[in-house]
Structure formats: C-alpha cells, structure tokens
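The values are calculated or read from the model by the stated rules, or taken from the named source; none is laboratory data. Predicted model, so just to flag it, every value in this text is computed and none were measured. Because the Cβ atoms are built from the backbone with ideal geometry, glycine has one as well, and the counts that use them run over all protein chains shown.
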Amino acid sequence: MLFREITGLPDIKQSLIGTITNNHVAHAQLFHGKEGTANLALALAYATYVNCEDKQADDACGRCPSCIKMSKLAHPDVSYLFPTAGGKSVLSENFMPQWRDFVKETPFGNLSDWLEKIGVKQGNIPAEEARQLIQKLSLKSYEGGYKIVIIWQAECLHNTTANALLKILEEPPEQTLFLLVVSSMERLLTTIISRTQRVAVRNFSEPEIIQYLSRYQDFSQERARQVAFLSEGNMHRALEIVDKSEDSDHAWFANWMRMCYALNLQKLVPMADEFDAKSKEHQKGILEYGLSIFREIFLYRNGGQSLIRLENDELIFVQKFSAAINLNNLEQITEVLSESHYHIERNVRAKIVFLDISLIIARLMMKG
C-alpha cells in the first residue's frame, strides 16, 4: 500500500511522512478511526514508507525490494496480528493467505467481513500471539530496517494479551515500530492508549469518496455523488451500496420489525434461532443497522426528508413503517437496541437478547 493509492487525506499523509523525514518516529502509534476510514490503509502505507530504500518526498518509491515485499504483505520484518478464533494453534500466521486476499480486496473491510471470510463466529487476539511476537522481536531484523508490528482491530486484544504487550510497548527493542489500528478506541485498555502516539483518522469527505468511486469503479459522476451522500464518509458503506451487499440484512431486519408489529411469536422464535446462529459481529451489525433505520424514521416524521441517507427498498420501508411508530416511544426503542448491543458485546446469549428486544419493541409499537 502506498500513500498515493489512498484517496484524499493529504493532511494526515504529510503529517505521517513528516515524522520520518524529521526523525520523530514514535515507537508505538495508534491509528484510530471509525469503520470505513483509511486507518488500516494509512498504517500499511506508513510501514511501507518507513522501510522504503528510495524514499520520495511524498511517498515510498514502490519499486525497491522492500516496497515490493510490502505490496505482497510478505516482508520478513513485518508481523501482522488480527482477530482469529484464538487458542495456541489458531493464530494470525495461520491465516496469512486469507489476510493478503482480504487487504487486496479492500483495506476498508470491517471485522464482520473478516470473521466471515475465515469462518469464525467471534474473534479475538489471544495471549499466545503476544508470547510468539515477543520471541520474534528478540531477533535481529532480516533486512536491517525497522521491525514492524501491525495490529489490526487492536480493540480485540484479549486482556491477557494486552497486558503481555504492555512492557514491550513501554520498552521496545531498538528499531521496532508498533502500529495499532482500531475502530472502537473505547474498547482498548487505557494502559495501551497511554503508551502510544495517537493518529486520528477522519472520515472521508464526500468529494474524496466521489474521487475514489470515479477512479476505481465504472461510475457516473451523478451516481458517485449519490453514493457519497448516502455513505456519510464511510468508505466501507459506500462500497456496500455499490455492491448492494446490504440487501439481505435490510430484508431480514424489515421482516423482523413486521413480526414485532404483528407480535407473531411463531415467527419470532425461529428468527431468534437465526439471530443466535450469526456471528457476534453480524449480530451487532444488525442492531447498529436498526439504530440507523430508526434515526431515519425520526428524521422522516419530523420533516427532515432531505437529510435521509437511504434509497430504494430502505427508503420505502422507512416511509411506510414510520406510520407504525409513535414518536413518543422512539427514544425507548433506540435505547433498547443500544442496550442489547452492549449485552451482545459482553457475550450474553444472543437468542435471549433477541427475544427480549422483540417483545419490548412489540409492546412499544402497540402503545402507538
């Protein structure tokens, strides 16, 4: 990954390059940005620039042996840690072929996409990763440059793993660079945050998303502008809209809400089993999607139609379903979804959570 392959964000790129040209490279850096930002892409580009053998003023050369190995995610001095199923035998190094494919497909992919790709329901970064990493870092670099560790979704570090990394983050071996990539910094241990230099990665602007879609997709300017507006700066969401991959989730959610409105327990109970079978990240994604839909319903009912960021079936659903929602109960519904997201995050049984939400939402709908 090169800086020039990342659309926009000139201020962040120049700041990162400046740390190297001015010899102010912090040994541990935290690239934090919401889902759909370029936090991973920037970390990869930065790592490429650090060990480039022919650095240019604004980017790595892309031609030297180090850059070529980085482009293939096969540099011997770069280690990657990311969520897997955990355990001593299920570590990041066992998934490197899938990881290379995943990053090549899109560096804007989220945790749910990754876990689905490797067939894991709930991922974490286990303590064994830290033990093996510490052993690797005790050795000299193969090519004489920086030894670099990229930890993607560092918020998935198991507490034991995070604690094991604390000492090496505080006193790293010489010429060692840690790049932690996070989307939910509030889930990261404060002791980890305090040992890193933060790199805030903002959302993409609408013009930057338009530029990306026009550059990498066969898109008209008009359609690119529509997608940029709908995505709210989230490149992952923009690509989902392009691929229409969110249709199945919308259909599932819409059917769920209809069953709640009808209080159809014969359908809600098997739906709870379906929900329980999904990955933890997918479950959270459905609840987050529900929160966004109810936000749009609130806008629609309060005359904010021009602010709605939906189209096609989603827009039709909001227009029709908003009539079934009493605005006085809307806040309670969103609170229930938020609390359920919290419970799923903390491993409460998803089937129980789903049935509980369904009954509460059904009751609130009846009050309308």
Among residues of segment 92-112 being in contact (Cβ under 8 Å) with a residue 60 or more places away in the chain and in a helix (DSSP H, G or I), the residue farthest from residue 282 (Cα to Cα) is 103
Over segment 167-183, the set of residues modelled with pLDDT of 90 or more and out of contact with any Phe, Trp or Tyr (no Cβ under 9 Å at 6 or more places or on another chain) is 178, 183
Over segment 212-243, the set of residues assigned to a loop (DSSP other than H, G, I, E, B) and among the aromatic types (Phe, Trp, Tyr) is 219
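Rundown of residues vs (1) touching a residue at least 40 places away in the same chain (Cβ under 8 Å); (2) touching a helix residue (DSSP H, G or I) at 6+ places or on another chain (Cβ under 8 Å), yes/no style:
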residue	(1), (2)
77	yes, yes
90	no, no
140	no, no
144	no, no
173	no, yes
* Going by the structure shown, is residue 231 of a type in the set (Gly, Ala, Ser), under 17 Å from the mean Cα position of the chain (by Cα) and surrounded by 14 or more Cβ atoms within 10 Å (Cβ to Cβ)? -> yes
Scanning segment 121-131 residue by residue, the ones that are within 16 Å of the chain's Cα centre (by Cα), crowded, with 18+ Cβ neighbours inside 10 Å and part of a loop (DSSP other than H, G, I, E, B) total 1
Within segment 184-215, the count of residues that are surrounded by 18 or more Cβ atoms within 10 Å (Cβ to Cβ), aliphatic (A, V, I, L, M), touching a residue at least 24 places away in the same chain (Cβ under 8 Å) and more than 16 Å from residue 34 (Cα to Cα) comes to 2
By residue number, the members of segment 292-321 that are surrounded by 18 or more Cβ atoms within 10 Å (Cβ to Cβ) and either under 18 Å from residue 366 (Cβ atoms) or more than 29 Å from the chain's Cα centre (by Cα) (or both) are 294, 297, 321
Scanning segment 322-352 residue by residue, the ones that are closer than 20 Å to residue 262 by Cα and either exposed (fewer than 12 other Cβ atoms within 10 Å of the Cβ) or of a type in the set (D, E, K, R) (or both) total 3
With the first residue restricted to segment 1-22 and required to be free of Cβ contacts under 8 Å to residues at least 24 places away in the same chain, and the second required to be surrounded by fewer than 12 Cβ atoms within 10 Å (Cβ to Cβ), Cβ contacts under 8 Å at 6 or more apart or on different chains are 18/24
**Prompt:** Does segment 77-100 include one or more residues that are closer than 22 Å to residue 216 by Cβ, at pLDDT 95 or above, among the aromatic types (Phe, Trp, Tyr) and surrounded by fewer than 23 Cβ atoms within 10 Å (Cβ to Cβ)?
**Reply:** yes
